[in-house]
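Remarks on the structure that follows.
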Amino acid sequence: MLGEYRISGRRASDIAASVERGVGSGDLAPGHVLPPMRELASVLGVNPNTVAAAYRTLRERGVIETAGRRGSRVRQRPASTSRGSLRIDAPPGVRDLGSGNPDPALLPDLGEALAVAARVNALRPGLYGDAPVIPELAAFVRAELEADGVPAGPVAVTSGSLDAIERVLAAHLKPGDVVAVEDPGWGSLLDLVPALGLRAAPVAVDDEGPLPGDVERALRAGVKALIVTGRAQNPTGAAVGAGRAKELRSVLAQYPGVLLIEDDHGHAIVDLPLHPLVGATDRWAFVRSVAKAYGPDLRVAVLTGDAVTVDRVTGRQGLGPGWVSTLLQRAVVHLWTSGAVDVVAVARAYGERRDALVLALEERGVPAHGRSGMNVWVPVSDETGAVARLLHAGWAVAPGARFRNVAPQGVRLTVSPLTGADIAPLADAVAAAAQRAAPISYG
């Protein structure tokens with residue numbers, strides 16, 4: 001059934017990792033049938049619940065699929081929406097803190113920006129053969145990035161952060177390569193990696209970002225790329241400080257061939273300075289999105305990087321969508337240069353809600369994380385139970401399974417919809433849900 005490959009491990013996470021190694025090495029090819037759970041549990045000497053938990057993790061990551069009595073098998077192709085399905089829809093009367101959206105009241109009116117773009121287009125319509133990035137956008141972005149300490153490099157425009165990251169990974173990596181990712185981290189990114197045929201190596205994070213020791217271990221093990229969120233990390237709110245950035249750059253400098261991707265989706269919603277890591281390796285990319293501060297539907301992100309990386313990205317982009325609409329590019333330039341968003345006020349609004357919730361939880365004996373951005377991460381022993389109890393109490397939150405590989409369990413709360421009056425009752429509900437949750441035993 002499995003040829004010579006032997007699945008190993010005593011814990012669910014180790015068993016899942018063993019299967020993923022087999023898939024990545026090619027020893028477990030697409031279509032290979034995995035042993036029945038009880039049979040594998042007997043071979044490994046563990047509780048069948050432990051194997052069940054491992055198989056569940058593999059299904060959530062898109063590595064395997066289960067077809068009733070036909071058993072579980074390695075997927076023929078990677079999944080593309082597994083974590084996106086792990087969401088809790090808020091029924092009528094329940095407050096939605098799980099969607100991860102910005103506060104619409106803090107987003108600018110796009111009418112003027114789109115009207116300006118339309119007027120320019122009437123005089124100089126975008127046509128085939130034009131430069132894919134309008135000069136005004138490239139000049140403004142380059143100046144802003146240099147002020148933030150991002151190294152000089154050509155500028156490209158993509159349809160959001162995930163589009164940029166996918167294009168950069170595809171430009172350098174091949175199926176089976178390993179990518180170091182934050183754990184917990186952005187669920188869509190954790191889906192993207194296996195969807196590209198790549199393997200994820202989880203790197204633990206604290207409030208200052210990726211742990212240098214974990215990063216060094218991953219690099220020493222041979223990962224081909226590392227993806228880091230500089231600030232407003234999703235879901236924990238981590239932000240890389242000056243000291244942590246120095247440590248990480250020192251580690252990365254020893255591995256100049258590793259591809260480094262830095263995601264700055266928190267731009268214009270945080271009041272913490274950027275401490276970029278890019279430039280510590282020869283191949284790098286820095287992505288800045290407008291989604292959180294100016295509106296997710298704009299679908300615009302700017303990308304810079306070393307010349308080879310950006311050239312590969314734009315070359316391949318030219319054979320697909322070609323370019324991101326210059327109408328949207330001009331609208332973004334207007335938004336950025338006109339002061340349409342009061343960055344200080346927006347950062348303060350999210351910060352006050354986030355800090356108030358973290359403090360209220362700490363006062364109730366519940367540790368929470370939320371150094372920057374619009375999310376608060378609450379570790380729990382039983383996230384399924386915590387989510388269910390909070391839903392019953394009138395709050396829909398995001399289950400931690402959307403954001404975890406091997407990290408401990410937790411739930412994510414987005415503070416965007418909150419008012420000052422919500423903080424105390426929400427903290428009470430979270431405290432009750434977290435304290436009543438019992439650890440799950442996997443044998």
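The values are calculated or read from the model by the stated rules, or taken from the named source; none is laboratory data. Small disclaimer: the values here were computed from a predicted structure and weren't measured. Backbone-built Cβ (ideal geometry, glycine too); neighbour counts: all protein chains shown.
Here is a check on your reading of the model: is residue 314 surrounded by fewer than 22 Cβ atoms within 10 Å (Cβ to Cβ) and among the hydroxyl-bearing types (Ser, Thr, Tyr)?
yes
Tell me which helices (runs of 4 or more DSSP H) are completely within the range 233-349 and hold 2 or more residues being under 24 Å from residue 128 (Cα atoms), or say none if there are none.
Helices (runs of 4 or more DSSP H) meeting the threshold: 307-318, 326-338.
Could you please let me know if residue 257 is modelled with pLDDT of 95 or more, within 21 Å of residue 405 (Cβ to Cβ) and touching an Asp or Glu at 6+ places or on another chain (Cβ under 8 Å)?
Judged against the criteria, residue 257 is not a match.
Inspect the range 364-384 for any residue being modelled with pLDDT under 95 and outside any loop (DSSP other than H, G, I, E, B) and give the result as yes or no.
So far as the range 364-384 goes, yes, one or more of its residues are modelled with pLDDT under 95 and outside any loop (DSSP other than H, G, I, E, B).
Does residue 35 satisfy being buried (at least 16 other Cβ atoms within 10 Å of the Cβ) and not small (Gly, Ala, Ser)?
yes
Specify the residue that is farthest from residue 399 (Cα to Cα); the eligible residues are those in the range 32-70 that are in a loop (DSSP other than H, G, I, E, B) and at pLDDT below 85.
Ranking the qualifying residues of the range 32-70, first place goes to 67.
Of all residues in the range 98-117, count the ones that are surrounded by 14 or more Cβ atoms within 10 Å (Cβ to Cβ), at negative phi and either in a helix (DSSP H, G or I) or under 22 Å from the mean Cα position of the chain (by Cα) (or both). Walk me through how you get there before you give the answer.
Narrowing the range 98-117 to residues surrounded by 14 or more Cβ atoms within 10 Å (Cβ to Cβ): 98-103, 106-108, 110, 112-114, 116-117.
Checking the rest, the ones that are also at negative phi come to 98-99, 101-103, 106-108, 110, 112-114, 116-117.
This time we only want the ones that are either in a helix (DSSP H, G or I) or under 22 Å from the mean Cα position of the chain (by Cα) (or both), so: 98-99, 101-103, 106-107, 112-114, 116-117.
Counting residues in the range 98-117 that are surrounded by 14 or more Cβ atoms within 10 Å (Cβ to Cβ), at negative phi and either in a helix (DSSP H, G or I) or under 22 Å from the mean Cα position of the chain (by Cα) (or both) gives 12.
Among (1) farther than 30 Å from residue 58 by Cα; (2) in contact with a Lys or Arg (Cβ under 9 Å, 6 or more places away or on another chain), where does residue 147 come up short?
Unmet condition: (2).
Among 285, 291, 280, 307, which is the only one that is within 17 Å of the chain's Cα centre (by Cα), touching a residue at least 24 places away in the same chain (Cβ under 8 Å) and under 20 Å from residue 225 (Cβ atoms)?
285
Would it be correct to say that residue 207 is surrounded by fewer than 22 Cβ atoms within 10 Å (Cβ to Cβ) and either closer than 21 Å to residue 413 by Cα or at pLDDT below 95 (or both)?
Judged against the criteria, residue 207 is a match.
Considering 219, 272, 260, which residue is of a type in the set (A, V, I, L, M) and more than 27 Å from residue 138 (Cα to Cα)?
Sole residue among the options that is of a type in the set (A, V, I, L, M) and more than 27 Å from residue 138 (Cα to Cα): 219.
Identify all residues within the range 354-395 that are under 24 Å from residue 264 (Cβ atoms) and either in contact with a Pro (Cβ under 7 Å, 6 or more places away or on another chain) or β-branched (Val, Ile, Thr) (or both); write none if there are none.
Result: 358, 374, 375, 376, 377.
Would you check if residue 166 is at pLDDT 95 or above, surrounded by fewer than 21 Cβ atoms within 10 Å (Cβ to Cβ), in the same structural domain as residue 272 (by TED's automatic domain parsing) and farther than 24 Å from residue 409 by Cα?
Numbers: at pLDDT 95 or above: yes; surrounded by fewer than 21 Cβ atoms within 10 Å (Cβ to Cβ): yes; in the same structural domain as residue 272 (by TED's automatic domain parsing): yes; farther than 24 Å from residue 409 by Cα: yes.
Yes: the conditions hold for residue 166.
If a residue must be touching a strand residue (DSSP E or B) at 6+ places or on another chain (Cβ under 8 Å), touching a residue at least 60 places away in the same chain (Cβ under 8 Å) and under 30 Å from residue 428 (Cα atoms), how many such residues does the range 312-367 contain?
Total satisfying the criteria: 4.
Quickly run through the range 75-122 and pick out the residues that are acidic (Asp, Glu) and modelled with pLDDT of 80 or more.
Of all residues in the range 75-122, those acidic (Asp, Glu) come to 89, 96, 103, 109, 112.
Of everything in the range 75-122, those that are acidic (Asp, Glu) and modelled with pLDDT of 80 or more turn out to be 96, 103, 109, 112.
Kindly list, by first and then second residue, each pair from a residue in the range 9-32 that is farther than 17 Å from residue 405 by Cβ and exposed (fewer than 14 other Cβ atoms within 10 Å of the Cβ) to a residue that is modelled with pLDDT of 90 or more and aliphatic (A, V, I, L, M), limited to pairs with Cβ atoms under 9 Å and residues at least 6 apart or on different chains.
10/44; 10/46
Filter the range 283-295 for residues that are in contact with a strand residue (DSSP E or B) (Cβ under 9 Å, 6 or more places away or on another chain) and of a type outside the set (S, T, N, Q) and give the result.
Residues satisfying the conditions are 283, 284, 285, 286, 287, 288, 290, 291.
Residues of the range 398-429 being out of contact with any helix residue (DSSP H, G or I) (no Cβ under 9 Å at 6 or more places or on another chain) and crowded, with 22+ Cβ neighbours inside 10 Å, which ones?
414
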